[in-house]
Amino acid sequence: MHLEEETGAGPGARERFVADGTKRPGGYVGRFAPSPSGPLHAGSLVAAMASWLDARAHRGRWLLRIEDLDEPRNVPGAAEDILATLERFGFVADGPVVWQSRRHGAYRDAFDRLKSAGHVYGCACTRREIALALARAGVRTDRHAEPVYPGTCREGLPPGRSPRAWRARVDARPVRWIDHHDGIERIESLPQSCGDFVLLRADGIWAYQLAVVVDDGAAGVTNVVRGADLASSTARQVRLQEWLDLPGPRYLHVPVVVGGDGEKLSKQNGARALDGRAPIDELARAAAHLGLGVIDAAGIGRFWELATERWAERVRRPAPSPRSAAPDRAP
């Protein structure tokens, strides 16, 4: 795997925003975008495998991006360990590695465009103030979900307060997108599902939603294959793509791996690092989780041949007719 480095990504081909991802300039382009907050684990291997297999089954390109903007969470040496692990497991990237920490200018340009168009405003609220406002309004929050911003600063900052973060000013127009894992069209109202969401954090770090949209657009990504835990971010990203006049990728979310406690496996809850001494065993477990059955292969190269064939068989099946989920619901 040729893991060259680059300071940024070119603008790539562009065309009119397409909400359902059906018009994709330049052929299939997929990506895997881990954060260096720790080593790869079983859950991240499933996401990497699904994105890689979908790209190979479509005879497309597969890109690699290190999402290292959140410096307080970055673990020294983790990015290099991730790249080495991917290479050891046979992942072959079709271009140089993109590092988000080297792309601040691209995020600033996009932010300034959004601000000039009236899509951004400053927010003085702390997390505690948001929680208190929601409690006073009788809104119960899910510990696994981001609280819906109550709009405190939407019409202007309170007297004597300065902006801490900068938020996207959402409207009630429904966001529609299809998850190609189940063929269901999601219809989401952003004011109900998340409210005005953060683009630039109080600590000066660009928010995930903005950076992902800018990077996918710059790389010409046409297909986003990732874990189902990120499905709730999709509507926000679709709206940002629309505002920035970027083409909309096709989305497919695969089931996440959960631990013995039923919670999503993650670096934050102590997920075990992949065993680099037994890559075939780790790959086989990931393939089984993705519904590819038992893959009995003597080597990594043969494993990827068989896994790609099985994924391609799935791709060749007739796609189900899109069905709509209930409106005004987050996916």
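The values are calculated or read from the model by the stated rules, or taken from the named source; none is laboratory data. Here the structure is a predicted model, which is why all the values come from computation and not from measurement. Please note: Cβ atoms are built from the backbone with ideal geometry, for glycine as well, and neighbour counts cover all protein chains shown. When the accessible area is computed, the model is the full protein with side chains, heavy atoms only, and any ligands, DNA or RNA have been set aside. Shrake-Rupley method; radii C 1.70, N 1.55, O 1.52, S 1.80 Å.
Using a Gaussian network model of the chain in which every pair of alpha carbons under 10 angstrom is joined by a spring, one finds that among ARG140, ARG164, ARG113 the greatest mean-square fluctuation is at ARG140.
Dividing the radius of gyration of the alpha carbons in region 47-184 by their Kirkwood radius gives 1.05 for Rg/Rh.
Report the Stokes-Einstein translational diffusion coefficient (µm² s⁻¹, integer) for region 249-313, Rh taken as the Kirkwood radius over Cα pairs, at 20 °C with viscosity 1.002 mPa s.
On the way: Rh = 13.5 Å.
Answer from the Stokes-Einstein relation: 159 µm²/s.
Label sites at GLU80 and THR141, each approximated as a point 7 angstrom past Cα along Cα to Cβ, lie 3.9 nm apart. Here the 3J(HN,Hα) profile of region 214-230, calculated from phi with Karplus coefficients 6.51, -1.76 and 1.60 at θ = phi - 60°, is 4, 5, 5, x, 5, 7, x, 5, 10, 9, 9, 10, 7, x, 5, 5, 9 Hz, Gly and Pro shown as x.
For ARG61, nonlocal amide neighbours, meaning residues 5 or more places apart or on other chains whose placed amide H falls under 5 Å from its own, are TYR28, VAL29, GLY30. Stokes-Einstein diffusion of region 22-83 at 20 °C, 1.002 mPa s viscosity, Kirkwood radius from Cα pairs, rounded to a whole number: 168 µm²/s. Spherically averaged projected area of the convex hull of Cα atoms, the chain: 17.5 nm². Any idea what diffusion coefficient region 136-185 gets from Stokes-Einstein, in µm²/s, Kirkwood Rh on alpha carbon pairs, 37 °C, 0.692 mPa s? Estimated via Stokes-Einstein, D reaches 223 µm²/s.
Of VAL198, VAL224, VAL315, which has the most accessible area with a 1.4 Å probe, and how do the rest follow in descending order? Walk me through the intermediate numbers first.
On the way: VAL198 35, VAL224 0, VAL315 55 Å².
Largest accessible area first, the list is VAL315, VAL198, VAL224.
Only helices enter the 222 nm calculation for the chain: every DSSP H run of n ≥ 4 contributes -39,500 (n - 2.57), and dividing by all residues gives -9500 deg cm²/dmol, rounded to 500. Across every direction, the projection of the convex hull enclosing the Cα atoms of region 206-269 has a mean area of 5.0 nm². Take every pair of alpha-carbon atoms less than 8 Å apart whose residues are at least six positions apart; their mean separation over the length of the chain yields a relative contact order of 27 percent. Counting only Cα atoms, the size of region 124-267 along its three principal axes is 47, 42, 29 Å, in decreasing order.
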